[in-house]
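Notes for the one structure printed next.
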Amino acid sequence: MSATPTPSQQCPPSLELKGLGKQYAGGFWGLREFSALLQPGITGILGPNGAGKSTLLRMLATLSTPSAGEICWKGERVPTGGLHWGQVLRERLGYLPQDFGVYPQLNAIEFLGYLAAAKGLSPRSARARIDDLIALLNLQHCAKQALGGYSGGMRQRVGIAQALLNDPELLILDEPTIGLDLAERAAFRHLLAELAQDRIILLSTHIVSDLEATAEDILMMAGGRLIARDSADSLAFALQGQVWLWTVPFKDVEALRQRWLVAGMLKRPQGMQLRVLSPVAPHIDARAAEPNLEDAYLWATRPRAAQAEAA
């Protein structure tokens with residue numbers, strides 16, 4: 001894959017979120033006091049189900065209006081209500097939702113042409129852009145086949161293509177690597193790295209390795225709030241001396257999992273090797289291990305009771 005042309009706008013994009021909140025019926029807040037300044041590059045979003053990730057992304061994609069706070073694009077406040085809510089952002093963003101639907105009877109060229117028209121591209125511009133994206137996403141061999149016969153990975157590539165139709169300055173991707181095989185995921189990460197030179201890319205995924213490999217900025221969310229933000233390396237480094245490998249008898253595993261925060265398990269001939277997150281060694285036989293982003297994520301989102309005990 002090779003990168004698409006960079007956005008035509010000369011002013012580098014910046015997106016500032018100030019105290020964003022979303023309240024649903026019944027008084028439940030799906031997002032609370034969320035503030036962040038986003039600039040060109042890849043920003044990864046990590047959080048458990050219900051953390052507010054999709055709420056945030058849908059709001060930035062202008063599919064949901066904020067209940068509180070402000071959004072500023074290139075230093076200018078974006079109106080968050082009324083008939084023209086989100087128009088400024090909508091013209092500059094590309095969005096791939098987690099559940100991306102297609103018209104199964106259309107082929108990729110027809111489908112992308114339909115969406116290009118909806119985005120306001122002229123027929124000539126649309127055709128040229130679609131040809132570029134078909135090549136970019138390696139869809140030449142199936143571009144004239146009905147989408148209903150596509151595999152999950154092929155369909156996801158069409159989803160990525162539609163998000164790039166208007167050469168966006170803000171690219172929002174919700175679980176974009178679902179259905180992609182290892183080679184496709186590697187190619188996709190390479191593509192994102194090239195695209196990120198001039199764009200703000202927001203990437204939400206449960207595949208931590210994808211963020212470790214691509215995102216220079218990580219936002220961790222829980223309970224609708226931003227709970228940590230840093231580079232993957234810095235977040236992991238903060239857990240130095242708190243990650244332990246401990247091999248225990250198989251019969252003791254369940255009891256120890258109730259007592260300790262276990263990030264992973266690996267079966268060994270002599271027993272089960274536990275990866276334990278703890279400020280102190282769980283046992284004299286445990287040895288320190290290098291922390292990674294997944295360790296940092298599990299530690300930051302651990303249950304409140306475990307947080308109180310660790311403190």
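Would you please name the residue that is farthest from Cys11 (Cα to Cα), looking only at residues in segment 189-232 that are buried (at least 16 other Cβ atoms within 10 Å of the Cβ) and touching a Pro at 6+ places or on another chain (Cβ under 8 Å)?
Once the filter is applied, the top-ranked residue is Ala222.
Of the conditions (1) of a type outside the set (S, T, N, Q); (2) in contact with a Lys or Arg (Cβ under 9 Å, 6 or more places away or on another chain); (3) closer than 22 Å to Leu164 by Cα, Leu245 fails just one. Which one is it?
Every listed condition holds for Leu245 apart from (3).
Within segment 146-182, how many residues turn out to be touching an Asp or Glu at 6+ places or on another chain (Cβ under 8 Å) and of a type in the set (Asp, Glu)?
Summing the residues that are touching an Asp or Glu at 6+ places or on another chain (Cβ under 8 Å) and of a type in the set (Asp, Glu) in segment 146-182 gives 1.
Against the definition (under 29 Å from Leu266 (Cβ atoms) and small (Gly, Ala, Ser)), how does Ala196 come out, yes or no? Spell out the reasoning first.
On the way: under 29 Å from Leu266 (Cβ atoms): no; small (Gly, Ala, Ser): yes.
In short, no.
Only residues in segment 23-37 that are more than 12 Å from Leu56 (Cβ to Cβ) and touching a residue at least 40 places away in the same chain (Cβ under 8 Å) count as the first member; pair them with residues that are polar (S, T, N, Q) and part of a loop (DSSP other than H, G, I, E, B), Cβ under 6 angstrom, at least 6 apart or cross-chain, and list the lot.
Correct list of pairs: Gln23/Ser67.
When you scan segment 17-122 for helices (runs of 4 or more DSSP H) that lie fully inside it, which ones turn up with 1 or more residues that are of a type outside the set (Val, Ile, Thr) and either at positive phi or loosely packed, with under 14 Cβ neighbours inside 10 Å (or both)? Walk me through it before giving the result.
Values: elements: 53-60, 87-90, 108-118.
Of the helices (runs of 4 or more DSSP H) lying wholly inside segment 17-122, those with at least 1 residues that are of a type outside the set (Val, Ile, Thr) and either at positive phi or loosely packed, with under 14 Cβ neighbours inside 10 Å (or both) span 87-90, 108-118.
The conditions are (1) surrounded by fewer than 20 Cβ atoms within 10 Å (Cβ to Cβ); (2) in a helix (DSSP H, G or I); (3) within 25 Å of the chain's Cα centre (by Cα), and Arg127 fails exactly one of them. Which is it?
(3)
Name the pairs: first residue in segment 267-286 and acidic (Asp, Glu), second residue surrounded by 15 or more Cβ atoms within 10 Å (Cβ to Cβ), Cβ to Cβ under 9 Å, at least 6 apart or on different chains?
Partner pairs satisfying both residue conditions: Asp285/Trp246; Asp285/Thr247; Asp285/Val248.
Okay, residues lined up against (1) closer than 28 Å to Ile207 by Cβ; (2) surrounded by 15 or more Cβ atoms within 10 Å (Cβ to Cβ); (3) among the basic types (Lys, Arg):
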{"position": "Trp246", "(1), (2), (3)": "yes, yes, no"}
{"position": "Phe250", "(1), (2), (3)": "no, no, no"}
{"position": "Gly271", "(1), (2), (3)": "no, yes, no"}
{"position": "Leu277", "(1), (2), (3)": "yes, yes, no"}
{"position": "Asn292", "(1), (2), (3)": "yes, yes, no"}
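Readers should treat all values here as calculations from the given coordinates under stated rules, not as data from a laboratory. As the structure is a prediction and not an experimental result, all values here were calculated from the model. Methodologically, a virtual Cβ is constructed for each residue, glycine included, from the backbone with ideal geometry; neighbour enumeration extends over all protein chains shown.
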